[in-house]
Amino acid sequence: MEKYTGKSVLKGIAIGRIYWYQKQEYQVAQTKVQDTGAEKKRFAQAVETAQGQLSALYEEALVRAGEDHAMIFDIHKMMLEDDDYLDAVNHVLEEGFNAEYAVEMAQNQFAELFAAMDDEYMRARVADIKDISRRVIRILAGIPEDGILADEPVIVAADDLTPSETVKMDKNKILAFVTARGSSNSHTAILARSMNLPALVNTGLEAGESLNGKIGVVDGFHGEFLVEPEPELLDQMIHRKNQWVADLEALEQLKGKDNAASDGRRIDIFANIGKVEDAEAALEADAGGIGLFRSEFLYLGRDSFPTEEEQFSSYKAVLEKMGDKKVIIRTLDIGADKKVDYFCLEEEENPALGYRAIRICLDRPEIFITQLRAIFRASVYGRAAIMFPMIVSVNEIRRIKEIVGQVKKALSQEGYPIKEVELGIMIETPAAALISDRLAREVDFFSIGTNDLTQYTLAVDRQNQKLESTCDTHHPAILKLIQMTVENAHRAGIWAGICGELAADTDLTETFLSMGVDELSVSPSSVLKVRKAVRDL
């Protein structure tokens, strides 16, 4: 037996024969041409053909994976239209070389540029630039696109896969993906998640075509790929897979059901998301709404602030996708472990206790106002609510409400339609919990962020692996602060939810119901699990 360990993209278990996906490699030759103009025309025609193929891929992905994932191919089309990319190709063409070679040189130049970047998201774009360049080269050379040549569903193994290759594959023929290289942030990984297939990346797989036809097991729970496992181990994995499938089927039966215990107590179960495309997962999981849209993800993986229009488009897309379900947008929580170079934040000895979240927003209101304008403009497209992180005083809330009032007034004067939205705060510090009776008079709701609340209450750095045994999320002090916060919220006539990791801890579900918690917001994959825990009470 051979065993490979990688990064799990989607938890699950797949068992079947392995199919090594062999790309049709084309060795690009460097040749001199007599007619540079004709070569430029040939390149332009290849780009036009590639744009047509990408439009077809967009339509195909739209059906298979939804609009958010189909946008990958719109991005590829834009990359093919990028002036810097086209100039790089034309520069080589003007030196008298053939189009295939010119495209490969531009590909290498941009791939090297992306690969050298510090940001993991941007490094993952190397696969995209190679994908579009190979597409143009294949068209120039007259090479057809690849596909899976298998008669039965298989585990697709490859050195790496591009988004185009992934979406062109017949999902009915795929049990799982395993790649030797790749990133969990790549668009290929995103597509694998959207296809709801177990997948492992970065396994270091080197076996190649010798894997063809062998029995493989993809264990997405432990990040393992087993090749030709012993009969006893294979039987164990078959048993685990059957149990996993049965558990999923049982949970699926809970879609459309109420989140109510047998004694009538009920609770809202919402989903946490970080990106626009995650809204689809929330709907698929039958979440009651979005309890936490981590808007800071719109600021990560880029080298400049997102514009008002960019943010507006993202918020609008999520609100439209969720329809009449509530979407709670948390204003940016940059700082601590979320570092962004263009914010130009100074190094701090204790960043978790430093300049972060609402403190940045109130100190640099131009950033805050841009985000608030985008949210209020998008509010007319659904049921938006806004919550503010890291609040520790009444004065902070009053200053926030002043800025919100200024933003709404300015938008109205500019002719933008806006809606009234709920304004809430996150209870993440002992200070906020202890004065939650006073804070409750200023806002429409509380959302308890148990990750930071645990960190600050126990004086334990949650990033420090040495302190895992000390980080007791069930500590009586944590539960007491949660109960106090909920009780103070209800006395003031507002609702209180929990959006930290503790919300998905089914060992505490009954405790939270007994406390009177109104809402739990969890990852989409945990929605039905928590619903089951509620209904089993």
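Computed quantities for the displayed model
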| quantity | calculated |
| --- | --- |
| Sole exception among (1) in contact with a strand residue (DSSP E or B) (Cβ under 7 Å, 6 or more places away or on another chain); (2) open to solvent by 10 Å² or more (accessible area, probe 1.4 Å); (3) at pLDDT below 75 for residue 214, by number | (3) |
| Any hit, the range 267-283, residues being surrounded by fewer than 20 Cβ atoms within 10 Å (Cβ to Cβ), over 19 Å from the mean Cα position of the chain (by Cα) and in a loop (DSSP other than H, G, I, E, B) | no |
| Residue that is surrounded by the most Cβ atoms within 10 Å (Cβ to Cβ) [pool: residues in the range 475-499 that are outside any helix (DSSP H, G or I) and in contact with a Leu (Cβ under 7 Å, 6 or more places away or on another chain)] | 498 |
| Matching residues in the range 398-437 - criterion: being touching a residue at least 40 places away in the same chain (Cβ under 8 Å), open to solvent by 10 Å² or more (accessible area, probe 1.4 Å) and farther than 28 Å from residue 309 by Cα | 430, 434, 435, 437 |
| Complete set of residues in the range 458-474 that are modelled with pLDDT under 75, closer than 26 Å to residue 271 by Cβ and either open to solvent by less than 60 Å² (accessible area, probe 1.4 Å) or among the aromatic types (Phe, Trp, Tyr) (or both) | 471 |
| Residue within the range 10-20 that is modelled with pLDDT under 85 and farther than 20 Å from residue 142 by Cα present | yes |
| Count - residues of the range 340-363 that are over 21 Å from residue 458 (Cβ atoms) and either open to solvent by 40 Å² or more (accessible area, probe 1.4 Å) or modelled with pLDDT under 70 (or both) | 10 |
| Of all residues in the range 284-315 being farther than 17 Å from residue 386 by Cα and charged (D, E, K, R), the one that is surrounded by the most Cβ atoms within 10 Å (Cβ to Cβ) | 286 |
| Filtered residues of the range 1-40 (kept if of a type in the set (Gly, Ala, Ser), out of contact with any helix residue (DSSP H, G or I) (no Cβ under 7 Å at 6 or more places or on another chain) and closer than 30 Å to residue 230 by Cα) | 6, 8, 14, 16 |
| Any helices (runs of 4 or more DSSP H) falling wholly within the range 50-122 and containing at least 3 residues that are at pLDDT below 75 and within 28 Å of residue 274 (Cα to Cα) | 67-80 |
| Test result for residue 440, within 24 Å of residue 454 (Cα to Cα), buried (at least 20 other Cβ atoms within 10 Å of the Cβ), in contact with a Leu (Cβ under 9 Å, 6 or more places away or on another chain) and free of Cβ contacts under 8 Å to residues at least 60 places away in the same chain | no |
| Residue list for the range 28-60, restricted to those being more than 28 Å from the chain's Cα centre (by Cα) and open to solvent by 80 Å² or more (accessible area, probe 1.4 Å) | 30, 32, 34, 35, 41, 45, 48 |
| Which listed residue, of 385, 374, 317, 378, is among the small types (Gly, Ala, Ser) and not in a helix (DSSP H, G or I) | 385 |
| Which numbered condition residue 419 fails, given (1) over 23 Å from residue 318 (Cβ atoms); (2) at pLDDT below 95 | (1) |
| Residue that is nearest to residue 2 (Cα to Cα), among those in the range 196-222 that are of a type in the set (Asp, Glu) and under 30 Å from the mean Cα position of the chain (by Cα) | 206 |
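The values are calculated or read from the model by the stated rules, or taken from the named source; none is laboratory data. Since the structure is predicted, the reported quantities are computational estimates derived from the model, not experimental observations. Reconstructed Cβ throughout: ideal geometry from the backbone, glycine too, with neighbour counts over all protein chains shown. Each accessible area value is taken on the protein alone, full model and side chains, heavy atoms only, with ligands, DNA and RNA left out. Shrake-Rupley method; radii C 1.70, N 1.55, O 1.52, S 1.80 Å.
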